[in-house]
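Everything on this sheet refers to the single structure shown next.
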Amino acid sequence: MTEKQRKILSVALRRFAQDGFDSTSTNSIAKESEVSEGLIFRHYKNKQGLLDAIIEHGMCAASEYIENVIAIEDPKSLIKAAISLPFQIDESEYDFWRLMYALKWQKGVYNNDAFDDLNKSLEGAFKKLGYKNPKEEAEFVEVITDGVATGILLKDADFSSMLQVILNKYDLK
């Protein structure tokens, strides 16, 4: 990827996250990126192609986090690592995740295979630990972590004390 492509993606990500996908023009992205609009179209075909490139890049990074959790064999450690994921979001990734949450509501874009695999791994971990409803427990963890991530991203708040509350629920100190 060229430096110009990186700058285009960076500007587009920030603008889409702040102003919304529909409200951001490729012309404004081109101006801020100091490139021609034609260059954006040459590399990404259209605005949707630009968004797709941002999502693909971000989801590859997210998949790495998830794959590390899925690889954990001890069920309690796996659950703890999954619950801890939203607390590990680096501030440099906030725009990507804000965009993903906005798209979730605006366009119905939500999960990918990595998140499905994480839920299956959580279900398996709860099953190994003898939980009565492992599938529902996995879904509960997803809902809780999704809510925590929303709070972190929207409120820009410190939810670290919330982590201990959630870990205590599952006796994961």
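A short reminder: the numbers here are calculations on the coordinates, not readings from a lab. All of these numbers come straight from a predicted model, not from anything done at the bench. Ideal geometry is used to build each Cβ from the backbone, glycine not excepted, and the neighbour counts take in all protein chains shown.
Once fully extended, how much extra length lies between Ser25 and Glu142, figured as 0.36 nm per residue of separation less the alpha-carbon to alpha-carbon distance?
Fully extending the segment from Ser25 to Glu142 adds 38.7 nm.
Pulled fully out, how much extra length does the chain show between Ser36 and Ser10, if you take 0.36 nm times their separation in residues and subtract their Cα-Cα distance?
7.8 nm
For the pairs Lys47/Lys155; Lys7/Lys31; Lys7/Lys45; Lys47/Lys120, note any where the Cα-Cα span goes beyond 22 Å.
Lys47/Lys155; Lys47/Lys120
Taking the Cβ of Lys120 as the centre, find all other residues whose Cβ is under 11 Å away and add up their charges (Lys, Arg: +1; Asp, Glu: -1).
-2
Run the quick spin-label model on Ser92 and Glu3: label points 7 Å from Cα toward the beta carbon, then report their separation in nm to one decimal.
Here the answer is 1.8 nm between the modelled labels.
Can you find, among Leu118, Met59, Asn168, the residue farthest towards the positive end of the dipole of the chain? Put +1 on the C-beta of Lys and Arg, -1 on that of Asp and Glu.
The residue sitting most towards the positive pole is Met59.
Summing -39500 (n - 2.57) over the DSSP H runs of n ≥ 4 in the chain and dividing by its residue number, what mean residue ellipticity at 222 nm do you reach, to the nearest 500 deg cm²/dmol?
-24000 deg cm²/dmol
Specify which residue in the list Ile72, Gln88, Ser25 is farthest towards the positive end of the charge dipole of segment 10-116, using unit charges on the beta carbon of Lys, Arg (+1) and Asp, Glu (-1), about the Cα centre.
Value: Ser25.
Within 13 Å, Cβ to Cβ, of Glu34, how many net charges do the neighbouring residues add up to if Lys/Arg are +1 and Asp/Glu are -1?
Once positives and negatives cancel, what remains is +1.
If I stretch the segment between Asn68 and Phe159 completely, what's the gain in nm (0.36 nm per residue apart, minus their alpha carbon distance), one decimal?
30.5 nm
Using Cα centres only, tell me the gap between segment 137-173 and segment 39-114 in whole Å.
A separation of 17 Å, based on Cα centres.
With +1 on the Cβ of every Lys and Arg and -1 on the Cβ of every Asp and Glu, and nothing else charged, how large is the dipole of segment 3-169 about its Cα centre, in debye rounded to the nearest 20?
Around 220 debye, computed over segment 3-169.
Pairs of Cα atoms under 8 Å, at least six residues apart: use those to get the relative contact order of the chain, whole percent.
This gives 22 percent for the chain.
Would you work out which of Asn46, Ile152, Ser10 lies farthest towards the positive end of the dipole of the chain? Charges go on Cβ: Lys and Arg +1, Asp and Glu -1.
Toward the positive end, the furthest listed residue is Asn46.
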